[in-house]
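Below: one structure, written as structure tokens.
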Amino acid sequence: MKNFINLFILVTAFLYSFVISVNATDVKNDNDDKYYMIFVENDYNENSHNKRQEVNESVYELVDEIHNLIMKNTDTYKDPEKLFEIEEENKLRKRNEEVIYLMDHGESDIVYPISSHKDRTIVYAYLSTKLATKVKTYPNVKACIPDQKLKVNSINSIDIIDKEQIEVEVKNETNWKGVSFRENADLHLSLISQGKYNNSIHGIYDTTYYYPSSAGQDIDIYVVDTGFDFRHPEFSNKDEREAKCLYYINFGGILKSPHEEYCYGKQNISHGLMTSDTAAGLIHGVASKANVYGIVINEWTSDLFVVLQYIKDIGFRKNKSVFNFSLGFYLQNEKQKELINYLEGLINSITEEGGIMVVSAGNNYDNIYLEYKNKSYYPCSFKNVICVGAVDTYGFNEELVFPENPTKIMKTQYYRKADFSNYGNRIDIFAPGFSVVEYKNEKKINVQEITVGTSFSSPIVAGIVATLMSENSDIKFNTDSMREYLWELGEKDIIDEIPEGTLNIFINNGKHSIYPGNDEEDSDIEIEVDYDKPLNYYDSNSDSDDESDVNGKEENNENTSGSYEYPSGNYEYPSGNYEYPSGNYEYPSGNYEYPSGNYEYPSGNYEYPSGNYEYPSDYYEYPSSYEYPSNYYEYPSDYVKYSSDYVEPTDYVFQFEPHEWDNDLLKY
């Protein structure tokens with residue numbers, strides 16, 4: 001009995017430690033010092049006509065009180081030195097005019113307001129857990145919420161006579177002023193300018209992207225993401241539009257980009273390169289003439305508040321501005337309602353002025369509303385945004401791997417919701433969940449790859465919004481009217497595997513007619529893409545006369561090895577059913593006879609050398625005159641063919657640099 005009791009105590013202790021461990025994982029580092037967003041009630045004057053809202057004196061009194069609280073209780077911090085480092089860094093930035101704050105910063109460098117909207121002001125502070133608990137008890141403090149990371153959530157030719165006829169037909173169908181054709185386009189582009197393709201009805205798939213010739217001209221697309229490079233040939237048509245970096249948002253402040261053509265944050269910089277290309281690239285983008293403005297954020301919710309506050313205060317062109325946010329996060333609807341309400345208020349203040357916000361639905365394989373946790377996915381769940389889910393256009397649901405060779409041919413069975421895409425009654429529309437993008441990486445290599453996620457469904461829709469606004473410049477669209485227009489143009493009920501309660505509408509730019517593809521490319525053929533070469537690159541030494549057959553392969557013969565040459569025509573099967581042998585195949589009558597005895601291993605264990613192996617006393621000594629390459633490997637100049645006006649950058653900076661402020665650009 002005693003042994004049983006001891007065993008029970010041991011098991012109980014193990015289970016208790018396991019539960020504690022699981023809970024600790026769920027609330028990781030909950031007692032660490034961290035930045036907090038303090039939501040403070042202020043005296044708001046409804047009759048004020050000032051565009052920029054002033055912070056009243058009571059807020060600054062609270063700031064002083066919190067500052068003094070911190071200074072008297074530095075011993076409550078796990079790492080007090082970190083507190084003083086932050087203070088010194090902020091003082092240095094202010095002294096060197098490297099950073100500007102949207103609100104009057106006040107005297108403190110560790111507590112300061114970062115945003116104010118109606119009767120709420122957000123104060124930003126670096127607090128210990130104990131001090132955060134104390135601050136929550138202060139009068140007028142409605143919430144004290146830890147800052148949290150944001151989740152940032154890849155040639156047919158038309159005959160000239162046919163092209164002229166098609167142009168007339170498309171004009172009549174869409175009422176576009178002009179029709180442009182992008183032949184042999186990426187799948188994510190051709191899909192949005194035709195109805196649902198069915199290979200048994202329509203034959204060869206049409207890989208052309210049809211779009212209004214205005215192509216988003218005179219419309220501003222603001223992409224809020226992790227980094228941008230507008231030096232790339234994808235943005236080389238700067239005679240038709242602007243494409244530049246604006247600001248870098250970090251820890252409550254705004255830094256102006258020292259380089260208009262490129263800017264990078266501290267995390268996953270390629271994400272922004274890909275979303276901007278998807279929205280507005282020359283070859284891979286939807287709206288190739290729209291203005292593109294990059295705003296860099298890192299990974300904190302506070303960055304989102306600051307960028308929205310900046311957009312609200314500085315202003316934008318009403319009814320000519322689209323904002324793409326390929327990010328989101330789940331929030332507790334009750335526990336974090338102060339944060340949610342404030343964020344919604346900021347977004348509404350922008351959309352009510354004619355700004356249109358497009359956001360991604362997230363890649364959590366789940367509903368945007370988790371009833372059992374009372375959590376919702378934001379900003380997708382807000383009413384005044386257009387939230388975009390993803391469609392599986394490459395068979396990702398089955399393979400669960402990125403396709404190595406992105407086809408430009410749609411398969412009928414792939415009109416279905418992507419498994420990874422969130423769903424629910426606040427998702428407004430679905431778009432391709434994959435896009436082909438092109439950018440230059442840190443090794444100066446031009447990369448073309450396929451990328452996946454609702455992060456890329458969102459800029460596809462943002463690009464379509466820009467083209468519709470440009471083509472209908474006489475209409476003053478807002479978020480609600482644009483959503484209705486997208487629903488009107490969209491393809492209804494064509495997506496399979498849509499859960500009940502989720503709208504089944506696939507994005508379309510207004511052209512629904514389906515034209516047959518070129519006879520030279522069969523709808524079952526995929527074209528392999530060499531990711532380091534643009535699509536118009538062909539090997540000059542190739543013996544093939546048909547460029548479209550370069551690297552071609554038959555999809556339905558996946559196990560074929562080597563470069564088998566398929567017959568030029570379709571295989572003619574026998575007119576009758578094939579007669580299989582009447583009997584089953586006769587395997588050998590007996591089982592294979594293994595040796596009668598078991599294999600005799602050596603009787604003793606293998607004796608390793610008694611001493612440890614003696615490695616050479618030092619590393620290989622290269623000759624003293626060996627010269628290492630001074631820079632990255634220089635690829636041949638013709639490895640990537642850029643447009644003739646593209647200038648190779650001499651200094652490719654991938655991190656944000658200290659710089660002087662251009663104050664003229666920051667006046668309200």
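The values are calculated or read from the model by the stated rules, or taken from the named source; none is laboratory data. Note that the coordinates shown come from a computational prediction; the quantities given were computed from them, not determined experimentally. Reconstructed Cβ throughout: ideal geometry from the backbone, glycine too, with neighbour counts over all protein chains shown.
Taking each residue of region 391-404 that is over 12 Å from Gly433 (Cβ atoms) and looking for partners that are among the polar types (S, T, N, Q) and modelled with pLDDT of 65 or more with beta-carbon atoms closer than 7 Å, six or more apart or interchain, yields nothing.
Determine if region 201-212 includes at least one residue that is within 30 Å of Phe305 (Cα to Cα), surrounded by fewer than 17 Cβ atoms within 10 Å (Cβ to Cβ) and either among the hydrophobic types (A, V, I, L, M, F, W, C) or in contact with a strand residue (DSSP E or B) (Cβ under 7 Å, 6 or more places away or on another chain) (or both). No - not one qualifying residue is present in region 201-212.
Kindly evaluate Ile350 against the criterion of being within 21 Å of Ile254 (Cα to Cα), of a type in the set (Val, Ile, Thr) and out of contact with any helix residue (DSSP H, G or I) (no Cβ under 7 Å at 6 or more places or on another chain). Considered against the rule, which asks whether it is within 21 Å of Ile254 (Cα to Cα), of a type in the set (Val, Ile, Thr) and out of contact with any helix residue (DSSP H, G or I) (no Cβ under 7 Å at 6 or more places or on another chain), Ile350 comes out as no. Here Gln309 meets the list (1) at pLDDT below 95; (2) surrounded by fewer than 23 Cβ atoms within 10 Å (Cβ to Cβ) almost entirely, failing just condition (2). The residue list Tyr197, Tyr209 contains one member that is farther than 29 Å from Lys476 by Cα and either over 24 Å from the mean Cα position of the chain (by Cα) or at pLDDT 95 or above (or both), which is Tyr197.
Look at Glu164 and say whether it is acidic (Asp, Glu) and modelled with pLDDT under 95. For Glu164, the condition - acidic (Asp, Glu) and modelled with pLDDT under 95 - is met. The number of residues in region 64-122 that are modelled with pLDDT under 80, farther than 22 Å from Tyr310 by Cα and part of a loop (DSSP other than H, G, I, E, B) comes to 0. Checked against (1) out of contact with any Leu (no Cβ under 8 Å at 6 or more places or on another chain); (2) closer than 29 Å to Lys177 by Cα; (3) among the polar types (S, T, N, Q), Asn237 passes all but condition (1). Once region 420-449 is narrowed to residues that are within 30 Å of Glu500 (Cα to Cα) and out of contact with any helix residue (DSSP H, G or I) (no Cβ under 8 Å at 6 or more places or on another chain), the residue that is surrounded by the most Cβ atoms within 10 Å (Cβ to Cβ) is Ile427. Within region 419-469, being of a type in the set (S, T, N, Q) and assigned to a helix (DSSP H, G or I) holds for Thr454, Ser455, Ser457, Ser458, Thr467.
The residues of region 338-350 that are within 17 Å of Arg426 (Cβ to Cβ) and either at pLDDT below 95 or buried (at least 19 other Cβ atoms within 10 Å of the Cβ) (or both), listed by number, are Ile340, Leu343, Ile347.
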